[in-house]
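Below is one structure, written out as structure tokens, with a few remarks after it.
Each value in this text was obtained by applying a stated rule to the coordinates, not by laboratory testing. Everything numeric in this text was worked out from a predicted model, so none of it was measured. Positions of Cβ are generated from backbone atoms using ideal geometry, with glycine treated the same way; all protein chains shown enter the neighbour counts.
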Amino acid sequence: MLDVDREAPELRALATYYAGRGGACWVAGEVDGMVATVPEAAGAWEICRVYVHPELHGAGLGQRLLDVAEAHAMAAGADALVLWTDTRFHRAHRFYEKHGYARTGETRELHDLADTVEYRYAKAVSGGPR
């Protein structure tokens with residue numbers, strides 16, 4: 001459940017939204033998948049909106065999208081990558097952990113219609129861990 005206008009108005013213009021924050025957004029196919037990345041603080045970049053159509057899970061699209069976003073962030077000088085993922089998305093947790101991300105112990109509540117709580121994950125790409 002999602003109230004786009006109240007909870008995520010950026011969905012109406014994703015490329016503009018991420019470009020305006022100094023980041024980028026990529027969409028695969030007819031929205032078979034997507035990913036975005038934006039600079040955070042102190043050299044970290046956030047990986048956002050990692051979505052792959054359920055029929056394509058396990059086909060490598062998620063890996064390719066993650067690779068694109070990570071490469072973009074690192075080329076821009078990222079020394080760490082962070083992301084937030086719904087506590088209910090166990091498959092996503094395994095995916096991120098397989099690709100070098102570690103749960104930090106932080107959580108956040110989005111106070112949205114779906115009562116979303118998210119875990120924070122991080123991955124050092126140069127320098128020390130975050």
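Given a 10 angstrom Cα cut-off, can you work out which residue in 115, 32, 86 is the most mobile in a GNM of the chain?
In the Gaussian network model the winner is 115.
Using a/c under 1.5 as the rounded threshold, could you call the stretch 4-124 rounded, prolate or oblate? The axes a ≥ b ≥ c are square roots of the C-alpha gyration tensor eigenvalues, and prolate needs a/b larger than b/c, oblate otherwise.
Rounded is the answer for the stretch 4-124, as its axis ratio a/c remains below 1.5.
I need the calculated FRET efficiency for the pair residue 68 and residue 110, taking r as the beta carbon distance and R₀ as 30 Å, to the nearest 0.05.
Efficiency for this residue pair is about 0.70.
In debye to the nearest 20, how big a dipole does the stretch 4-124 give about its Cα centre with +1 on each Lys and Arg Cβ and -1 on each Asp and Glu Cβ?
It comes to approximately 260 debye.
Please give, to one decimal in nm, the separation of the simple spin-label points placed at residue 13 and residue 31, each 7 Å out from Cα toward the Cβ.
About 1.8 nm, to one decimal.
In whole percent, what relative contact order does the chain give with Cα contacts below 8 Å and a gap of six or more residues?
Reported relative contact order: 20 percent.
Go ahead and estimate [θ] at 222 nm for the chain from helices alone: -39,500 (n - 2.57) per DSSP H run with n ≥ 4, summed, over the residue count, rounded to 500.
-7500 deg cm²/dmol
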